[in-house]
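K.L.:
Let me begin by handing over the structure; questions about it come next.
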Amino acid sequence: MRRISGIAVLLVAASSLDLARSSVSHGKSLEYATELTAIGPRVTGSRTYERAAEWSAEQFRAMGVTRVAMEPFTIERGWERVSAQARIAAPLNRPLHVESLAWSPSTPEGGFDADVIALESFSLDGVAARSLRGRIVLLPEGDPPGNPISAGKATNALAARLRAAGALAILAPDGEADNGLTARGLSFGTALSVLPAGQIGRDDARAIRELLAGGPVRVSLELTNRITPAAAIVNNVIADIRGRDRPDEWVVVGAHLDSWDFGTGAQDNATGVAMVLEAARAIAAFEQRPRRSIRFALWGGEEQGQLGSNAYARAHAAEQHRVVAYLNTDAGTGRTIGWTAPGRADVVRAARPLIQGVLDELGAGTFDESLRYGFQSDGAPFILAGIPTLDLNADDTKYEEIHHKAADTIDRVDARNLAAGAAAVAATAHAIAESAGRFAPHLDQRAMERMMNRR
Ligand SMILES: [Zn+2]
């Protein structure tokens, strides 16, 4: 028995290796990433997001996969940036580097001029309500304390109090050097903020504070955004390759299709989408269908809090026990390091014998169990459901140069690292789908809680 299973493992490894080699030498990952970024930035709920979803579905259909489906979910509002202008109007005249915070309402047409009040902290303790009336409120640098969810709640509560006190708008300084801006919302989610809210460069915010030390500062502000009048529909794109032997078990391979809109979302996350498409193309072109099914998923709403993957997890809750593993790719095109199985040494132990040799050939053979990034992308709902999850891990030393910034464009993509990442995704998905034995188990609620307590 041992000898036979040894031969079986070798056969699996050989076919996964062929896949990996074909993806590196004549895969289409760079073509996919180039075409997708040419559609434009893909803010969740925007028209370009839906164009990108249609384009992705066409790519899947062209490969001859078994099934392609648009799976809709609902967001509170669709939001697209149109324009933003701000300047210091007095005591001197000076332009400000400004953009709307995502899901900010527009200011009234033509904008307004108002005096600025600068808050020293995110608390309004000691701030007289009358000093806020008719003002533009400049927030402190940084975020309120706590994790992104509690910080978001604190920010929303602050915005509601500012509005109740009669403030007109919020300006939030960014943390970047050289007045740089990183796309973001006032908080997570797709609900409109209660006040028009802009982000301004750190140096501009500091200049306003310096001027305020000498007397009143007047700012002129106009924010224009296109907002749907009611809830909006967003589509996840789902494609299946049906397994030849165990079609009712599947490996899910996913990446988020949405992006922020300062650049064109090249490494966040057109390259992840390109890896998923290339994995689907290479596996669909392979002479033999894998033993188990493979489901390819392109998610919307990741940047607003993994909305698409969460909606999928809810809609498919009754069949999630059939998911053998979830593979996620959302790490850019630094050198591919390997796979992270957040909190799951047993998943690493299950994956290694199936794929170590192929990953080593790609220079991507390092596994870890770090919890650092696992919950910051679409692996989260799968991890929380106890499903074995692998998150592609790439060198992140240069990632912050482009992350959610205007510099996230196709010319910064490393084509060789992209191809290696695509090959790792294709070969790993295939090897798990093809393996004869069972993969790592699903964790029950209690085991999950133990794992989460180690965070
Ligand atoms: Zn991302």
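K.L.:
Tally Lys and Arg at +1 and Asp and Glu at -1 over the other residues with C-beta under 11 Å from the C-beta of Y373: what net charge comes out?
P.N.:
Details: positive: R372; negative: D330, D368, D391, D396.
Surrounding charge for Y373 is -3.
K.L.:
Next question, about the same structure. In region 188-320, what percentage of the DSSP-assigned beta bridges are antiparallel, given to the nearest 5?
P.N.:
Numbers: 5 of 13 bridges.
Antiparallel: roughly 40 percent of the beta bridges in region 188-320.
K.L.:
For the chain, what is the accessible area per residue in Å², given a 1.4 Å probe and the full set of protein chains?
P.N.:
That works out to 42 Å² for each residue.
K.L.:
Could you size up the charge dipole of the chain around its Cα centre, putting +1 on the beta carbon of Lys and Arg and -1 on that of Asp and Glu, and report it in debye to the nearest 20?
P.N.:
1040
K.L.:
Still on this structure, please answer the following. Do me a favour and compute the ellipsoid semi-axes for the chain from its Cα gyration tensor, root of five times each eigenvalue, largest one first, whole Å. Please list the in-between numbers first.
P.N.:
On the way: eigenvalues 408, 88, 74 Å².
Here the semi-axes work out to 45, 21, 19 Å.
K.L.:
When the Cα centres of region 254-306 and region 395-412 are compared, how far apart do they sit, in Å?
P.N.:
For region 254-306 versus region 395-412, the Cα centre distance is 18 Å.
K.L.:
Rounding to the nearest 20 debye, state how big the charge dipole of region 244-348 is about its Cα centre with +1 on each Lys and Arg Cβ and -1 on each Asp and Glu Cβ.
P.N.:
Values: 11 positive and 13 negative charges, 100 e Å.
Dipole about the Cα centre, nearest 20: 480 debye.
K.L.:
Multiply the residue separation of E176 and D411 by 0.36 nm, subtract the distance between their alpha-carbon atoms, and state the gained length in nm to one decimal. Before the final figure, lay out each step's value.
P.N.:
Values: separation 235, 0.36 × 235 = 84.60 nm, distance 2.17 nm.
Here the segment from E176 to D411 would lengthen by 82.4 nm.
K.L.:
Return the calculated 222 nm mean residue ellipticity for the chain, to the nearest 500 deg cm²/dmol, obtained by summing -39500 (n - 2.57) across DSSP H runs with n ≥ 4 and dividing by the residue count.
P.N.:
-11000 deg cm²/dmol
K.L.:
Please report, largest first and rounded to whole Å, the three semi-axes of the ellipsoid equivalent to region 250-361, where each semi-axis is the square root of five times an eigenvalue of the C-alpha gyration tensor.
P.N.:
Details: eigenvalues 104, 71, 49 Å².
For region 250-361, the semi-axes come out at 23, 19, 16 Å.
K.L.:
GluC sites (Glu not before Pro), restricted to region 157-222: which are DSSP loop and have at most 16 other Cβ atoms within 10 Å?
P.N.:
Those satisfying the criteria are E176.
K.L.:
Note down the nm distance, to one decimal, between modelled labels 7 Å out along Cα→Cβ at A62 and at A90.
P.N.:
For the pair A62/A90, the computed spacing is 5.9 nm.
K.L.:
Give me the percent of DSSP beta bridges within the chain that run antiparallel, rounded to the nearest 5.
P.N.:
Details: 37 of 67 bridges.
Beta bridges within the chain, antiparallel portion: roughly 55 percent.
K.L.:
Between helix 47-63 and the chain, what is the angle of the helix's C-alpha long axis to the longest principal axis, kept within 0 to 90° and rounded to the nearest 10?
P.N.:
Roughly 10 degrees between the two axes.
K.L.:
Calculate how steeply helix 2-26 sits against the longest principal axis of the alpha-carbon atoms of the chain, using the helix alpha-carbon long axis, and give the answer as 0 to 90 degrees to the nearest 10.
P.N.:
50
K.L.:
Let me ask something else about it. How long is the gain from D360 to E400 if the chain were fully straight, where each residue apart is worth 0.36 nm and the alpha carbon distance is subtracted?
P.N.:
Length gained between D360 and E400: 11.7 nm.
K.L.:
If one takes the longest principal axis of the Cα atoms in the chain, at what angle in degrees, from 0 to 90 and to the nearest 10, does the Cα axis of helix 29-39 lie?
P.N.:
The helix 29-39 is inclined about 30 degrees to the chain.
K.L.:
Using the basic label-point model (7 angstrom from Cα toward the beta carbon), what is the S131 to E109 distance in nanometres?
P.N.:
3.7
K.L.:
OK, next. With the radius of gyration and the Kirkwood radius both derived from the Cα set of region 138-207, what is their ratio Rg to Rh?
P.N.:
Rg/Rh: 0.95.
K.L.:
Here's a follow-up. Ranked from the most accessible area to the least, with a 1.4 Å probe and all protein chains present, what is the order of S220, S29? Can you show the working numbers first?
P.N.:
Numbers: S220 30, S29 5 Å².
Largest accessible area first, the list is S220, S29.
K.L.:
Positive end of the charge dipole of the chain (Lys, Arg +1 and Asp, Glu -1 on Cβ, about the Cα centre): tell me which of A102, P91, I200 has its Cα farthest that way.
P.N.:
A102
K.L.:
If you roll a 1.4 Å probe over region 243-324 with all protein chains in place, what percent of the accessible area is carbon or sulfur? List each step's numbers first, then the result.
P.N.:
Numbers: 960 of 2280 Å².
So the carbon and sulfur contribution to the accessible surface is 42 percent.
K.L.:
Could you name the lysines in cross-link range of K28, using Cα to Cα under 20 Å and dropping any fewer than eight places away on the same chain?
P.N.:
none
K.L.:
Please work out the C-alpha center-to-center distance from region 42-93 to region 103-161 and express it in whole Å.
P.N.:
Comparing the Cα centres of region 42-93 and region 103-161, I get a distance of 27 Å.
K.L.:
Considering region 167-325, what Rg and Dmax in Å follow from its alpha-carbon atoms?
P.N.:
22.2, 76
K.L.:
How about region 128-195: which trypsin sites (Lys or Arg not before Pro) there are in a DSSP loop, with at most 14 other Cβ atoms within 10 Å of their Cβ?
P.N.:
Working: sites: R130, R133, R135, K153, R161, R163, R184; in loops: R133, R135, R184.
Those satisfying the criteria are R133.
K.L.:
Restricting to bridges with both residues inside region 241-386, how much of the DSSP beta-bridge set is antiparallel, in percent to the nearest 5?
P.N.:
Working: 1 of 17 bridges.
Among the beta bridges of region 241-386, antiparallel pairing accounts for roughly 5 percent.
The values are calculated or read from the model by the stated rules, or taken from the named source; none is laboratory data. Since the model is a prediction, treat every value here as computed from it, not as a measurement. Please note: Cβ atoms are built from the backbone with ideal geometry, for glycine as well, and neighbour counts cover all protein chains shown. Surface areas here come from the heavy atoms of the whole protein model, side chains and all, with no ligands, DNA or RNA. Shrake-Rupley method; radii C 1.70, N 1.55, O 1.52, S 1.80 Å.
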